[in-house]
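Report on the structure given below.
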Amino acid sequence: MSGGEPFAREVPIVSTDTVDVLIAGAGPVGLTAAVELRRRGIGCRVVDRLPERLPYAKAVGIQPRTLEIWDRMGLVRAALEAAVPMLGQLTYVNGAERPRIELALPPEVPYGFAALPQYETERILDEFLARFGSRIERGTELVGFAQDADGVTSRLVTASGAQEEVRSRYLVGCDGAHSAVRKGLGLGFEGGAFPEEYMLGDVELDWDMPHGYGVRAMHLGADGAVDDVLVCIPLPGHGRYRISSMVPPELRTAARPESGDGVAHGLDGGAGPSLSHLQDVLDRLAPRPATASALRWSSVFRISHRIVDRYADGRVFVAGDAAHIHPPTGAQGMNTGIQDAYNLAWKLALAIQGGARPELLASYDTERRPVGVEVVGRTVRHAAEGVQADPDDPGTVMLREAQLLIGYRGSPLVGPPEEGGDGDGDGDGPRAGDRAPDCGGLTGHIAAHPLRLYDLLRDRGHVLLLYAGDDGEPGGTGADDFPALAATARDVSLGRVATCVVLPDAAPAGAGDTMTLPVYRDRRGEFARQYAARGRTAFLVRPDGYLSARLQPPTAGELASRLALVFQV
């Protein structure tokens, strides 16, 4: 395999194909990339070496930010119906109950925390992908690739053993901790490994613990160190939990050699714990009597913490576990990978459609690698010291764990900080690079019920939100130049920016009636409050729900310059 030089053809190629994007790996990360590309009309193929979806509840925590992304993509309803709520955590130390942790978020955040087994996440994404006429090519392995200035040539081995050569404009490696794409590029993957091993089991428990709460029970030895632990995460199904604990001596695998790339991470292929192993831990640590039954699967789990030195090389990219692995503390791994894929996919789509400036794809590494570095470092600290050791206030910790504080203020796509406007202060509304918050209470001329802002953003690319504050004139709305701003956005982006106008509730009756743009009234003042909008302001929202610009007051020239950071002018 090679990331640059052509590979040798020892075996004849029986078929060839061309496609815009080839995705290696059909887990949640690869499927997210595929869905977003297909939604935007981009051709792609998704290959996975496994013959079928694994029935393992590996990654189970779904963060609020992931649900926001799925809302934007149009598949959140299926996830909400399949998941169970995660309301908090009950903690016990040496049998004594500690203060309950409530997973509470501000009321303006549209979704809470949820638990959903990974196989269900993959099913939902797979079924959604099928709506676009695409399917996973199971039992098909990427065994080599070479890239040049115009594309990537990949070698596949199909389920029948036949060899196929695929020519694609881009290759995306979402193929896990032992990524063939990462190895083929020769990327560094520095980090370390935890000496501890854990066992996992998907079982039914007959206890009477509160619904929707995880349980963490620990035993501290005489030295104050944790020497025994039980963690139970609720899953969909009657009394079903994924439980984890330290592995007993007879199941330890540390003496076994690591994989060929030196990474010991994830589920081990050796002997998994039996129901009796799991029951022994419950008998020792469960806060109330509990009997485990209906074991669906079990495994020994090993943890590493590593991150690649770069997320891309030419026309080849890595995402998810192929780029970063870390402790499962706080359910950050899969969710971070999904955001990798979403960030990359809209940029790939724009590049393939011919509307992107050449530097757009380079921003994937610029924006996402710092996020990966932060997540790896934070989860390692939390694994060693506990989330309670975080120095920030509990509200900030909760927002960070929900992945709602991720932002790209230093990104080349958002330009320099705004000067002089109300959005320039940290405590005065979101700025360019920040997540675009949701709000409710928006009303139009036809819909009989209020809308959320995320309803206006769903299934769109870039959206220009124009807020019409009072311009100081009797009966004025400050919106006279909005059609011209919309025309600028349309011309620079070649029609790829949608525009909506938001009027304050105080705007005169009939204001905006003659405007050809979609107009919504901020009946409850939530938009003005969440966005600290006081006067004419333009907010440019990216496809992934982050602000590209906050302009107050907006001008056509400044808007065009911000759009030119993304679009080819």
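The values are calculated or read from the model by the stated rules, or taken from the named source; none is laboratory data. In this text, all values refer to a predicted model and were calculated from it rather than measured experimentally. Neighbour counts are summed over all protein chains in view; Cβ atoms, including those assigned to glycine, are modelled from backbone coordinates with ideal geometry. Accessible surface is based on the protein model in full, side chains and every heavy atom, while ligands, DNA and RNA are left aside. Shrake-Rupley method; radii C 1.70, N 1.55, O 1.52, S 1.80 Å.
Could you look through the range 73-87, keep only residues that are at pLDDT 95 or above and of a type outside the set (A, V, I, L, M, F, W, C), and pick out the one that is farthest from Leu171 (Cα to Cα)?
Pro85
So if I check each of Pro508, Pro554, Pro543, which one is open to solvent by 10 Å² or more (accessible area, probe 1.4 Å) and either modelled with pLDDT under 95 or on the phi < 0 side of the Ramachandran plot (or both)?
Pro508
Taking the range 332-363 on its own, how many of its residues are among the small types (Gly, Ala, Ser) and in a helix (DSSP H, G or I)? Step through it out loud before you land on a result.
Within the range 332-363, the first condition is being among the small types (Gly, Ala, Ser), and the residues that meet it are 333, 337, 341, 345, 349, 351, 354-356, 362-363.
The next check asks that each one be in a helix (DSSP H, G or I); those that pass are 333, 337, 341, 345, 349, 351, 363.
Qualifying residue count for the region: 7.
What is the one condition in (1) over 28 Å from Gly237 (Cα atoms); (2) under 19 Å from the mean Cα position of the chain (by Cα); (3) polar (S, T, N, Q) that Gln118 does not satisfy?
(1)
Go through the range 32-73 and count every residue that is in contact with a Phe, Trp or Tyr (Cβ under 8 Å, 6 or more places away or on another chain) and either open to solvent by 50 Å² or more (accessible area, probe 1.4 Å) or part of a loop (DSSP other than H, G, I, E, B) (or both).
Number satisfying all stated conditions: 8.
Identify, from the list Ala319, Ala264, the residue that is open to solvent by less than 50 Å² (accessible area, probe 1.4 Å), under 30 Å from the mean Cα position of the chain (by Cα) and at pLDDT below 95.
Just one listed residue meets the conditions, Ala264.
Collect the residues in the range 80-110 that are closer than 19 Å to Gly545 by Cα and open to solvent by less than 30 Å² (accessible area, probe 1.4 Å), keeping them in residue-number order. Break it down into steps so the answer makes sense when it comes.
So in the range 80-110, the residues closer than 19 Å to Gly545 by Cα come out as 105-110.
The one that is closer than 19 Å to Gly545 by Cα and open to solvent by less than 30 Å² (accessible area, probe 1.4 Å): Val109.
Tell me which residues, restricted to the range 120-132, are of a type in the set (Phe, Trp, Tyr) and open to solvent by 40 Å² or more (accessible area, probe 1.4 Å).
Phe132
Criterion first (within 23 Å of Arg77 (Cβ to Cβ), in a loop (DSSP other than H, G, I, E, B) and open to solvent by 20 Å² or more (accessible area, probe 1.4 Å)) does Ala447 satisfy it?
It is true that Ala447 is within 23 Å of Arg77 (Cβ to Cβ), in a loop (DSSP other than H, G, I, E, B) and open to solvent by 20 Å² or more (accessible area, probe 1.4 Å).
What residue, among those in the range 221-234 that are open to solvent by less than 50 Å² (accessible area, probe 1.4 Å) and either among the basic types (Lys, Arg) or in contact with a strand residue (DSSP E or B) (Cβ under 6 Å, 6 or more places away or on another chain) (or both), is nearest to Ala83 (Cα to Cα)?
Checking each candidate, the answer is Pro234.
Going residue by residue through the range 137-151, is there one that turns out to be under 25 Å from the mean Cα position of the chain (by Cα), open to solvent by less than 50 Å² (accessible area, probe 1.4 Å) and in contact (Cβ under 8 Å) with a residue 40 or more places away in the chain?
The answer is yes; a qualifying residue exists.
Within the range 167-202, track down each residue that is buried (at least 21 other Cβ atoms within 10 Å of the Cβ), in contact with a Lys or Arg (Cβ under 9 Å, 6 or more places away or on another chain) and in a strand (DSSP E or B).
Ser168, Tyr170, Leu171, Gly173, Phe189, Leu200, Gly201, Asp202
In the range 491-505, which residues are of a type in the set (D, E, K, R) and open to solvent by less than 100 Å² (accessible area, probe 1.4 Å)?
Arg496, Asp505
For the range 364-409, enumerate the residues that are open to solvent by 20 Å² or more (accessible area, probe 1.4 Å), in a loop (DSSP other than H, G, I, E, B) and either modelled with pLDDT under 85 or β-branched (Val, Ile, Thr) (or both).
Asp390, Pro391, Asp392, Asp393, Ile406
Across the range 121-135, what is the total count of residues that are under 20 Å from Pro85 (Cβ atoms) and over 16 Å from the mean Cα position of the chain (by Cα)?
Of the residues in that region, 1 qualify.
Just to be sure I understand, how many residues within the range 476-486 are in a loop (DSSP other than H, G, I, E, B), within 15 Å of Pro553 (Cα to Cα) and not acidic (Asp, Glu)?
Counting residues in the range 476-486 that are in a loop (DSSP other than H, G, I, E, B), within 15 Å of Pro553 (Cα to Cα) and not acidic (Asp, Glu) gives 3.
Name every residue in the range 324-340 that is modelled with pLDDT of 95 or more and either in contact with an Asp or Glu (Cβ under 7 Å, 6 or more places away or on another chain) or among the basic types (Lys, Arg) (or both), in order of residue number.
The answer is Gly337, and nothing else.
Hey, does the range 151-163 have a residue that's closer than 30 Å to Ala83 by Cα and either modelled with pLDDT of 95 or more or assigned to a strand (DSSP E or B) (or both)?
There is no residue in the range 151-163 that is closer than 30 Å to Ala83 by Cα and either modelled with pLDDT of 95 or more or assigned to a strand (DSSP E or B) (or both).
How many residues are surrounded by fewer than 19 Cβ atoms within 10 Å (Cβ to Cβ), touching a residue at least 24 places away in the same chain (Cβ under 8 Å) and over 31 Å from the mean Cα position of the chain (by Cα) if we restrict to the range 514-540?
Qualifying residue count, the range 514-540: 6.
Within the range 272-329, can you find the residues that are in a helix (DSSP H, G or I), in contact (Cβ under 8 Å) with a residue 12 or more places away in the chain and not β-branched (Val, Ile, Thr)?
Leu275, His277, Leu278, Gln279, Asp280, Leu282, Arg284, Leu285, Gly320, Asp321, Ala322
Do we find that Leu350 is more than 22 Å from Asp202 (Cα to Cα), at pLDDT 95 or above, among the aliphatic types (A, V, I, L, M) and surrounded by 24 or more Cβ atoms within 10 Å (Cβ to Cβ) in this structure?
yes
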